[in-house]
Amino acid sequence: MAEPTRLQSSTKPALHARVREPNRGLASEIWKHRKEYLAISPFYLLFAIFGLFPIAFSMYLSFQRWDGIGEMTFNGLNNYRFMLSDPEFWKAVGNTLLIWVYSTIPMLFSALVVAFLLNASFVKFRTFFRIGYFLPNVTSLVAVAIIFSTLFSNNYGLLNYILSLFGLHSVEWLNETWGIQLAVSLMVVWRWVGYNAVIYLAGLQSIPTVLYEAAKIDGASGVQSFFRITVPILRPIILFTVITSTIGGMQIFTESQVLVGNDGGVSGGGLTIVLYLYREAFINNYFGYGAAVGWGMFVLIALFSIVNWKLVQGKSANN
């Protein structure tokens, strides 16, 4: 009976050694490459301070009642309950979705057409046009909003001046909900067409030219080649631009604020989700509620992105 006992006691240390061996191996590997880890550590430290901490703090803050100065008071789910029952919040959601529809669909289609033309061999000075289309993306957004506010001005706007040349009555663009949303949508289109065109252009340049040559031999027109060759091959890139445009479109803020102010203009036609968040948190000093709106916006963006991804992927599978 003594011999099995000695065998068991002799095997236990070996088992423990085998279990602990990976941990010692991982630690030794980290220590072995400590210089490399030390070199990349500033990024992770900055990300933890300016990325992870604000995210975690905003989640904690969304359950609090705080004016930014006094003590925090635990508020439970009341911030979220009020958000879901507030008509102003849902109005901001509706405005944001409408502006997204008005801007994203024509923007992506125009960017695809522009990229196709910039990639065509018959277009001269293509480098000049590529730079010209991309310039709006690096222009100050505040300056762009100010320029568009003069274009759509109710009294002395350029658009109303053009209408007067044809004997038409002036339109109070910024006093109508649809006029405000149209102005904001045009700003988004003007700013992002060139950016998405450059992305599409990179994808177009990876398509073999023999496909277009074969289509031309078969008698296909340029339009047919565009919809039968270009669009199907670019579907992964189109999916990427749809997702990024969805994320950006749901976060519209500067365009509306500079154009019509913090209240979203007449009848709140320009009130977007981020503008609503800014108004509640930084003007009304409801920081806890503003954090809750931020997380509500996160959920909406995630759901909307998934829906768009499913739609584009579904079309790709069917084809």
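Here are a few things to note about the model shown:
- Of the residues PHE227, PHE253, ranked by 1.4 Å probe accessible area with the largest first, the sequence reads PHE227, PHE253.
- For the chain: accessible area per residue (Å², 1.4 Å): 62 Å²
- In the chain, helices alone account for a calculated mean residue ellipticity at 222 nm of -23500 deg cm²/dmol, with every DSSP H run of four or more residues adding -39,500 (n - 2.57).
- Full extension of the chain between ILE30 and LEU159 yields a length gain of 40.0 nm, computed as 0.36 nm times the residue separation minus the alpha carbon distance.
- For the chain, the longest principal axis of the Cα atoms and the long axis of helix 141-151 meet at an angle of about 20 degrees.
- Of all the options PHE57, PHE287, PHE148, the one that moves most in a Gaussian network model of the chain with Cα springs shorter than 10 angstrom is PHE57.
- Most mobile of GLY51, GLY249, GLY94 in a GNM of the chain (Cα contacts under 10 Å): GLY51
- Taken along the Cα-to-beta-carbon direction at a fixed 7 Å, the label points for PHE166 and SER110 span 1.8 nm.
- To the nearest ten degrees, helix 287-318 and the longest principal axis of the Cα atoms of the chain are 80 degrees apart.
- Peptides ranked, highest mean first, by Cβ atoms within 10 Å: ranges 31-40, 97-106: 97-106, 31-40
- GNM flexibility winner over the chain from THR246, THR127, THR177 (Cα, springs under 10 Å): THR127
- Region 68-148: trypsin sites (Lys or Arg not before Pro) falling in loop per DSSP and having at most 11 other Cβ within 10 Å: LYS124
- 5 angstrom amide H check on TYR286, placed H, neighbours 5+ away: ALA281
- Accessible-area composition of the chain, carbon plus sulfur, in percent [1.4 Å probe]: 68 percent
- Nearest 10 degrees, 0 to 90: helix 235-249 Cα axis against the chain principal axis: 80 degrees
- Amide H contacts of GLN64 (H built 1.01 Å from N, in plane; Pro and chain starts excluded): ASN75 sit under 5 Å, all sequence-distant by 5 or more or on other chains.
- SER121-ASP218 FRET efficiency (beta carbon distance; Förster radius 25 Å; 0.05 resolution): 0.85
- Area of ILE238 that stays accessible when all protein chains are in place (1.4 Å probe, Å², to 10): 30 Å²
The values are calculated or read from the model by the stated rules, or taken from the named source; none is laboratory data. Just so it is clear, the model here is predicted, and its values are computed rather than measured. We place every Cβ from the backbone using ideal geometry, glycine too, and count neighbours over all the protein chains shown. Ligands, DNA and RNA are excluded from the accessible area calculation, which covers all protein heavy atoms including side chains. Shrake-Rupley method; radii C 1.70, N 1.55, O 1.52, S 1.80 Å.
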